[in-house]
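**Q** To start, I am sharing the structure in question, which I have written as structure tokens.
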Amino acid sequence: MDVSLILGAVALVVVAWLAACAEAGLARISSFRAAEAVRSGRRGAEKLARVASDTTRYLNVALLVRVACEMAAAALVTYACLEAFPETWEALLVAIAVMVLVSYVAVGVSPRTIGRQHPLNTATAAAYVLVPLARIMGPIPQLLILIGNALTPGKGFRKGPSPPRPSCGPWSTSPSRSR
């Protein structure tokens, strides 16, 4: 088995973990909370406020990075398994099992838990990466959203699907809040 393929897959999973963590943290940060961080002089709060003012754009960038890294990691693991196992079906079965487990635990559960538990820290750290990354990626996420909207029945969302906004107090009517 080629170690460089596995190391590459591990590196990609780490980046996907960070992107999933960013998604979870950003989904729980409101513009009000970001402005509060700016007022308190929190380090990185200016970037956080910029991201919070256009959450959907930055969430789409994080989503694209996460999905690209997960898919690339799966391809590398599959290729490594095809080299290591004599039968194609064995290689595919092992690659699928490994990547389902890794994707579910390492990219699904763990980073989302951290992002939800520490949204301000997670979103602030993510802002340092997402602001320049969004500039570099330019219109690519928006173009992919347009393609997705064209393939989706009904009226699509111009900026992409937005996450539910965090509740702003006891008067919130957010469906995620139970009374």
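**Q** Is there any pair linking a residue in region 62-90 that is within 20 Å of Pro141 (Cα to Cα) to one that is surrounded by 22 or more Cβ atoms within 10 Å (Cβ to Cβ) and among the charged types (D, E, K, R), with Cβ under 8 Å and at least six apart or on different chains, and which?
**A** Final answer for the pair search is Ala62/Glu23; Leu63/Glu23; Arg66/Glu23.
**Q** Looking at region 151-174, is at least one residue in a helix (DSSP H, G or I), out of contact with any Pro (no Cβ under 7 Å at 6 or more places or on another chain) and either modelled with pLDDT under 80 or open to solvent by less than 90 Å² (accessible area, probe 1.4 Å) (or both)?
**A** At the first step, the residues of region 151-174 found to be in a helix (DSSP H, G or I) are 151.
Okay, now just the ones that are also out of contact with any Pro (no Cβ under 7 Å at 6 or more places or on another chain), so 151.
If we keep only those that are either modelled with pLDDT under 80 or open to solvent by less than 90 Å² (accessible area, probe 1.4 Å) (or both) too, we end up with none.
Within region 151-174 (the criterion being in a helix (DSSP H, G or I), out of contact with any Pro (no Cβ under 7 Å at 6 or more places or on another chain) and either modelled with pLDDT under 80 or open to solvent by less than 90 Å² (accessible area, probe 1.4 Å) (or both)), the answer is no, since none of the residues qualifies.
**Q** In this structure, does Cys81 turn out to be buried (at least 19 other Cβ atoms within 10 Å of the Cβ), under 21 Å from Val10 (Cβ atoms) and more than 20 Å from the chain's Cα centre (by Cα)?
**A** It is true that Cys81 is buried (at least 19 other Cβ atoms within 10 Å of the Cβ), under 21 Å from Val10 (Cβ atoms) and more than 20 Å from the chain's Cα centre (by Cα).
**Q** Right, next: Of the numbered conditions (1) part of a helix (DSSP H, G or I); (2) in contact (Cβ under 8 Å) with a residue 24 or more places away in the chain; (3) surrounded by fewer than 18 Cβ atoms within 10 Å (Cβ to Cβ); (4) in contact with a Leu (Cβ under 9 Å, 6 or more places away or on another chain), Ser110 fails exactly one; give the number of that condition.
**A** Failing condition for Ser110: (4).
**Q** Looking at region 123-140, which of its residues are open to solvent by 20 Å² or more (accessible area, probe 1.4 Å) and of a type outside the set (A, V, I, L, M, F, W, C)? Break it down into steps so the answer makes sense when it comes.
**A** Going through region 123-140, the residues open to solvent by 20 Å² or more (accessible area, probe 1.4 Å) turn out to be 125, 128-129, 132-133, 135-140.
Residues satisfying the conditions are Tyr128, Pro132, Arg135, Gly138, Pro139.
The values are calculated or read from the model by the stated rules, or taken from the named source; none is laboratory data. Keep in mind the model is a prediction, meaning the values are calculated, not measured. Using ideal geometry, Cβ is built from the backbone for each residue, glycine included, and neighbour counts are taken over all protein chains shown. The area values use the complete protein model at the heavy-atom level, side chains included, leaving out ligands, DNA and RNA. Shrake-Rupley method; radii C 1.70, N 1.55, O 1.52, S 1.80 Å.
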